[in-house]
1. Before we move on, is A:L103 at pLDDT 85 or above, touching a Ser or Thr at 6+ places or on another chain (Cβ under 8 Å) and of a type in the set (A, V, I, L, M)?
2. Counting just the residues of the stretch B:106-120 that are hydrophobic (A, V, I, L, M, F, W, C) and facing chain A (nearest Cβ under 10 Å), which one comes out surrounded by the fewest Cβ atoms within 10 Å (Cβ to Cβ)?
3. Those residues that are in contact (Cβ under 8 Å) with a residue 24 or more places away in the chain and over 14 Å from A:F93 (Cβ atoms), I need them from the stretch A:129-160; list them, please.
4. Quick check on my filter: what residues within the stretch A:130-149 are part of a helix (DSSP H, G or I) and of a type in the set (F, W, Y)?
5. Mind checking whether some residue in the stretch A:91-98 is away from chain B (no Cβ under 11 Å), over 19 Å from the mean Cα position of the chain (by Cα), of a type in the set (A, V, I, L, M, F, W, C) and on the phi < 0 side of the Ramachandran plot?
6. Condition (residue is in contact with a Ser or Thr (Cβ under 6 Å, 6 or more places away or on another chain), facing another protein chain (nearest Cβ under 7 Å) and modelled with pLDDT of 85 or more) applied to the stretch A:163-175: is it met by at least one residue?
7. Can you list the helices (runs of 4 or more DSSP H) lying wholly within the stretch B:75-169 that have 3 or more residues being farther than 22 Å from A:F33 by Cα and free of Cβ contacts under 8 Å to residues at least 24 places away in the same chain?
8. Just the residues that are within 7 Å of chain B (Cβ to nearest Cβ) and of a type in the set (V, I, T), please, taken from the stretch A:102-119.
Amino acid sequence: MATTLDKKELTPRSAEEERLIALRKRDTRRKWFWRIAGYVVILGTWQWFSSNVFNSRIVPGPIQIVEVFPDLWNSGRFAESYAATLTRIGISFGLSFLFGALLGVATQIRWVAGFFKDSITIGLVSPGLVWALTGLVIWGFEPQGWIFAIFLTTFALVTVNVAEGIQALPKDLIDMSRAFGVTTWRRQREIVIPFLAPFIFTALRFGFSIAWKVTVLTEVFSSNAGIGFEMRVASQLFRMDEFWAWALSFFVFALTLEKLVLQRYERKFFRWREEVSH
Amino acid sequence: MATPVGSAPMQGSRLRRAFTSPVTARILFPFAVIAVWYLIYYTIDSRIFPTPVEVLEFMWEEITLTSGVRYSSVATNLYGQFGISILRLTAGFLIATTIGTLLGLAMGLWKSVDAFFHDWVMAILAMPALVWALALSIIFGFGHTAPVLTVILAGVPFVIVNVREGVRNTPKELIDMAKSFEVPQEKITRHVLLPSLMPFFFAGMRYAYSIGWKGLVIAEVFGSQVGMGWTIKFWYDAHRAKGVIGYALFFIIFAVTLEKVVFDPLARRTFKWRPALNAYQLAEGDFGAVSQEGFLLEEDEIDQDIEVTGMEGRSHDG
């Protein structure tokens with residue numbers, strides 16, 4: 001049985017369609033041309049500046065930085081530092097995410113929302129440096145110090161994102177469940193949490209994007225292992241190529257985790273939603 | 001526990017109602033913080049950890065200039081340090097806005113320029129300010145250069161991304177129509193392009209300013225001998241917890257004041273409608289760049305005892 005779809009495929013493309021496809025192809029080609037041109041020009045300028053304007057020890061070029069990688073890799077400090085930093089992120093951001101998300105859900109209760117309102121504002125606007133140094137001066141190198149700092153810098157962002165979901169809750173569903181005497185607990189589990197799921201995911205992604213930065217910052221001041229520690233040591237020894245190798249490797253690692261893994265998973269997880277929303 | 005249909009939650013006495021109101025909760029918050037502070041004070045065994053009273057005394061001495069601490073010949077006291085930081089921040093911010101607007105316009109108008117810079121702008125946006133602070137202070141040593149450059153690098157991607165989005169967001173039909181009615185270009189720019197660009201431009205500046213400030217204090221720790229960042233490091237190096245916490249509170253007061261007294265009213269006046277996207281949704285960026293509008297309930301709403309507030313005026317994506 002020939003459906004309309006089949007027919008459409010059989011009919012030859014009109015001249016207009018051909019023209020559009022050609023145009024689109026040309027656009028893609030142009031875009032890639034300029035993109036690659038951007039990489040070449042910017043990396044080239046960087047390399048040129050490093051060898052002609054600045055001392056290449058102080059401003060290493062991209063080639064130098066790449067050359068340092070094998071040495072760092074072989075030194076065995078790579079695995080150790082990554083493990084230290086990731087453990088820190090795991091523990092402190094885990095706590096902060098849990099608290100932040102619960103607080104976000106709890107903003108349905110207006111008393112709780114009022115109570116924590118100012119703490120959210122403060123958490124969003126105050127710099128991570130402040131918490132890092134405060135935690136350090138109170139607890140020294142002990143774990144409480146960095147847990148304190150990472151927790152206070154990230155929980156507000158998680159809460160804000162979850163609370164944004166709470167504000168978008170389908171009011172009619174809530175009202176109906178109330179009218180039919182559904183218990184508060186069941187309402188949370190069956191209406192609120194499923195509705196919030198995408199917001200919680202976004203909160204996780206945004207929170208992580210800040211958590212790794214703050215973690216590295218606290219390590220600069222208060223640790224003897226980790227990426228931040230290695231960065232500080234390298235910069236104190238004026239080994240800027242090593243400094244950039246550490247910084248860029250973790251930068252790429254964190255971005256990959258954030259954009260590729262979390263974002264892709266988010267999309268996969270909520271594919272059903274998109275179909276509904278259109 | 002099932003709530004009966006139509007039960008009135010405020011049957012209790014006036015006192016109970018007053019206690020359960022969100023405003024009371026908000027007032028209670030600082031007291032809770034002080035309570036937790038004392039809890040930490042009595043549980044940890046630290047000789048340097050101060051009580052809130054000690055910190056407040058320290059802050060008061062700093063404000064009234066009676067502490068007797070003379071930081072340096074350039075900036076002797078709190079006000080001097082703040083002044084230098086604000087000057088640096090403003091300089092960096094102005095440069096970042098200029099560069100960001102030009103580049104953002106170019107990227108919004110021409111696809112080739114956009115393809116050329118896009119990945120690099122995103123990379124700079126996601127780079128921690130700490131990396132700039134450390135690298136630049138090694139390159140330029142102590143002085144104004146490293147802190148100001150850190151502000152620029154931390155802030156400029158936010159301006160670029162927002163201005164670009166603003167240009168793209170301009171309704172094309174309006175421009176087409178204006179053109180077909182032979183409206184002069186200058187008028188199109190003034191009445192179509194600028195109004196639709198403004199909210200985005202403003203959002204970009206706001207993020208650039210607050211992110212720039214967070215970067216600045218880090219840069220001042222490593223690449224400067226004056227400024228707010230340097231001052232908190234000074235107290236940290238001196239192992240005076242009350243100094244660190246006192247200055248931390250100064251930072252927070254400054255940041256909150258900036259946000260509530262300067263940016264919020266400006267934002268309300270500059271554009272009545274919010275841009276559909278904030279910098280975060282475009283490219284997940286840095287601390288606190290998420291808009292706080294629409295979060296929780298506004299003060300005047302809190303006073304009302306309506307159980308569910310309406311959703312009017314709250315824009316959401318999708």
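1. yes
2. B:W110
3. Those that are in contact (Cβ under 8 Å) with a residue 24 or more places away in the chain and over 14 Å from A:F93 (Cβ atoms): A:L129, A:A132, A:L133, A:G135, A:L136, A:G140, A:F141, A:G145, A:V160.
4. The answer is A:W131, A:W139, A:W146, A:F148.
5. There is no residue in the stretch A:91-98 that is away from chain B (no Cβ under 11 Å), over 19 Å from the mean Cα position of the chain (by Cα), of a type in the set (A, V, I, L, M, F, W, C) and on the phi < 0 side of the Ramachandran plot.
6. Yes, some residue in the stretch A:163-175 is in contact with a Ser or Thr (Cβ under 6 Å, 6 or more places away or on another chain), facing another protein chain (nearest Cβ under 7 Å) and modelled with pLDDT of 85 or more.
7. Correct list: B:78-109, B:129-140.
8. The one that is within 7 Å of chain B (Cβ to nearest Cβ) and of a type in the set (V, I, T): A:T107.
The values are calculated or read from the model by the stated rules, or taken from the named source; none is laboratory data. These numbers come from a predicted model, not from an experiment. Counting neighbours? That spans all protein chains shown, and the Cβs are built from the backbone with ideal geometry, glycine included.
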